[in-house]
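The values are calculated or read from the model by the stated rules, or taken from the named source; none is laboratory data. Treat the numbers as computed from the prediction; the structure is a model and nothing was measured. Cβ atoms come from the backbone with ideal geometry, glycine included; neighbour counts cover every protein chain shown.
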């Protein structure tokens, strides 16, 4: 599995977790998961472009 594919899978997992946190009424958890999701999506886009922004 490529790095881009792994990042897309992680983004999907984070999205599901954020939705569950929203339903459970956990605003701080939702915020943190949302910020992580943004970072993972950006890293995934960079991986798709063949660039490496140094994000881990």
| Does segment 29-47 include one or more residues that are modelled with pLDDT of 95 or more, loosely packed, with under 12 Cβ neighbours inside 10 Å, more than 13 Å from the chain's Cα centre (by Cα) and part of a helix (DSSP H, G or I)? | no
| task | Could you grab me the full set of residues in segment 14-28 that are surrounded by 13 or more Cβ atoms within 10 Å (Cβ to Cβ) and under 26 Å from residue 48 (Cβ atoms)? | result | 14, 15, 17, 18
